[in-house]
């Protein structure tokens, strides 16, 4: 029986030991390569593109020589990690820890691993998720696409005494925090997710991210009937079978199962406000699950270095205190 790729040595090409053994200089060089891959890590001015630079006394900061520019910058200047205070070696280690987590990594665990504040780890993880989402923004799915949805959150704890318990199915007894993660997943390709209040709201999402030439597979829920007007649609009734006559949503169901394990097993509680970013993280890990961890760290680092300053996460905790 063949060994699964993730269980082989080929899946492990990066370790925390290697990162910390290399030290700050090696980590800085890695960030230069991530920021300026076209020039093999040779820096250029982010403002004017000039290649003639001064290397400042610190050795890890540059200044443009172009007349009228003289911009001072580092590899993270102007990126989603602009104004970072964390050392390059710790930031690179964070990339490694996050992508090594098959079901994600909680901010609390990352804070303990890096010996930083929980607030720092929380924002760092969400910045990485925002960068991951940018990789597939605007993509259109084609071929065979499976669609489905899963309800997440909004749990109402029953009262201790039986006479005090209420019918938790009724709207007036719910928290209003329950959301649906709707997924559109190519059989051999990418995964796109969104978060809605009901699964029926996912119909318009599917229409916007799936090519009209695609073949869509969905379950028996009546709201998916609207897909027949635009797509060649195949339906599977799960009360009869999980796969029948070529129709199934097993890959979509598989992803949603792992998403539930990620939320329940790692994060325990996910705010409805940020659920879409956790779903994006799970989708990104699903799409790149056959890549070794060195490739994954380089990929997420490259996405972060190519992503502009986050309007949502820059100064997040300072805004929360206002």
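Read-outs throughout are calculated quantities, based only on the coordinates presented, and are distinct from any laboratory measurement. Quantities reported herein were computed from a predicted structural model and do not represent experimental measurements. Reconstructed Cβ throughout: ideal geometry from the backbone, glycine too, with neighbour counts over all protein chains shown.
What the table shows:
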read-out	value
FRET efficiency estimate (nearest 0.05) - Cβ-Cβ, residue 161 to residue 245, R0 30 angstrom	0.05
For segment 144-274, the spread of Cα positions along each principal axis, largest first, Å	54, 29, 25
Estimated [θ] at 222 nm from DSSP helical runs (n ≥ 4, -39500 (n - 2.57)) normalised by residues in the chain, nearest 500	-11000 deg cm²/dmol
Beta bridges by DSSP in segment 144-274, antiparallel share as percent, to the nearest 5	65
Inter-probe distance in nm under a simple model that places probes 7 Å from Cα toward Cβ, at residue 289 and residue 58	4.1
Principal-axis tilt of helix 275-287 within the chain, Cα atoms, nearest 10 degrees	80
In degrees, nearest ten, helix 88-100 long axis to first principal axis of the chain (Cα)	20
Contour excess over end-to-end distance, with Cα ends at residue 238 and residue 137 and 0.36 nm allotted per residue	33.2 nm
Candidates 212, 279, 184: whichever shows maximal mean-square fluctuation once the chain is modelled as a Gaussian network with Cα springs under 10 Å	212
Computed label-point distance, nm, for sites residue 82 and residue 21 using a 7 Å Cα→Cβ extension	3.7
Nearest-ten-degree value, helix 250-262 long axis tilted from longest Cα axis of the chain	60
Counting DSSP beta bridges with both ends in the chain, the antiparallel % (nearest 5)	70
FRET E, pair residue 230, residue 319, Förster distance 51 Å, beta-carbon r, rounded to 0.05	0.80
Convex hull volume of the chain per residue (C-alpha atoms, cubic angstrom)	207
Alpha carbon centroid spacing (whole Å) that separates segment 13-91 from segment 159-211	42
Inter-label distance, nm, simple model (7 Å from Cα along the C-beta direction), residue 50/residue 222	6.8
